[in-house]
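To start, the structure itself, in structure tokens.
The values are calculated or read from the model by the stated rules, or taken from the named source; none is laboratory data. Everything numeric in this text was worked out from a predicted model, so none of it was measured. Backbone-built Cβ (ideal geometry, glycine too); neighbour counts: all protein chains shown. Note: accessible area is taken over every heavy atom of the protein model, side chains too, but ligands, DNA and RNA are not part of it. Shrake-Rupley method; radii C 1.70, N 1.55, O 1.52, S 1.80 Å.
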Amino acid sequence: MVIKSELQEMSLEELWELFPIVLVPHDPQWIQWANEEMEHLSSLLHQYTPVINHIGSTAISDIQAKPIVDILVEISHEHEWRPIKAILERSGYICMSESSLRLSFNKGYTPAGYAERVFHIHFNRTGDNDEIIFRNYLIEYPDAAKDYETLKLSLLPKFRNNRDGYTAAKSDFVRGIVSKAKKSGMTSK
């Protein structure tokens, strides 16, 4: 695929320049886009009986977010990644990272910049779903969600073109919320 090869030939710095971090007010369309993409993924992967959830800031009303819809797909430990990766790549997703426990795909990145709809699809093993606990806590506790928004806005000037740095700078906050949520008995349901 031309788009994939063009993007793969770019350095990380070139990619970060082409795809800067941008935060925008919540867009109700994100939920619709997530639902449509989750249905598509469910259809593609039906034989693996995936558990699919909309995660990330686009799933939380009333806070600014990158206009990138994050989706978590949980797959049982009994299934290998290789056939799943092949299905996703044939369907136009770009594999961004791979390990024995996780896969990560992007969709909506073009050599000219972001498409209208952009997705990050995260594949974890069943039960590896702290992202859902984090989302649920921020939905239940709007003050914590606003604190998260404030943190993200404060990081933006320094990390606009450094996605890894931006993610790392948020990690203590995220771990703290997940820990607090688990201590309170919150689950991924």
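With θ taken as phi - 60° and the Karplus curve 6.51 cos²θ - 1.76 cosθ + 1.60 applied, the whole-hertz 3J(HN,Hα) list for the stretch 16-22 is 5, 5, 6, 10, x, 6, 10 Hz, x standing for glycine and proline.
Taking springs between alpha-carbon atoms closer than 10 angstrom, which of 149, 131, 17 fluctuates most in the Gaussian network model of the chain? So, out of 149, 131, 17, the one fluctuating most is 17. Secondary structure note: in the chain, about 70% of the DSSP beta bridges are antiparallel. Taking max minus min of the alpha-carbon positions on each principal axis, the stretch 72-189 gives extents of 42, 38, 22 Å, largest first.
For the pair residue 156 and residue 11, label points projected 7 Å from Cα toward Cβ lie 2.7 nm apart.
Binning the alpha carbon pair distances of the stretch 1-82 at 5 angstrom intervals from zero yields the distribution 3, 13, 17, 14, 16, 20, 13, 3, expressed in whole percent.
Look at the Cα gyration tensor of the stretch 19-126: its axes a ≥ b ≥ c give a/c of at least 1.5 with a/b over b/c, and that counts as prolate.
Among 77, 54, 26, the largest mean-square fluctuation in a Gaussian network model of the chain, built with springs joining Cα atoms closer than 10 Å, belongs to 77. Leaving ligands, DNA and RNA out of it, report the carbon-plus-sulfur percent of the accessible area of the stretch 59-162 at a 1.4 Å probe. Looking at the stretch 59-162 in its full context, I get 50 percent from C and S. Cα centroids of the stretch 42-75 and the stretch 113-147: how far apart, whole angstrom? The two parts, judged by their Cα centres, are 7 Å apart.
For the stretch 53-69, putting each phi into the Karplus relation 6.51 cos²θ - 1.76 cosθ + 1.60 with θ = phi - 60° gives couplings of 9, 7, 10, x, 5, 5, 8, 10, 5, 6, 10, 6, 8, 5, x, 10, 7 Hz, in residue order, rounded to whole numbers and with x for Gly and Pro. For the chain, modelled as a GNM with alpha-carbon contacts under 10 angstrom, which of 179, 100, 57 fluctuates the most? The residue with the greatest mean-square fluctuation here is 100. Dividing the summed -39500 (n - 2.57) terms of all DSSP H runs of n ≥ 4 by the residue count of the chain sets its mean residue ellipticity at 222 nm at -15000 deg cm²/dmol.
Once the Cα-Cα distance is subtracted from the 0.36 nm per residue extended length, the residue 146 to residue 87 segment shows a gain of 17.5 nm. Potential lengthening of the chain between residue 36 and residue 180 amounts to 48.7 nm, from the contour at 0.36 nm per residue minus the alpha-carbon distance. The residues of the chain expose on average 52 square angstrom of accessible surface per residue, using a 1.4 Å probe on protein heavy atoms.
Residues of the stretch 60-85 falling in the label zone of residue 49, defined by backbone nitrogen less than 20 Å from a point 7 Å along Cα to beta-carbon, are 72-85. Approximating the spin labels as points 7 Å out from Cα along Cα→Cβ, the residue 62-to-residue 171 distance works out to 3.1 nm.
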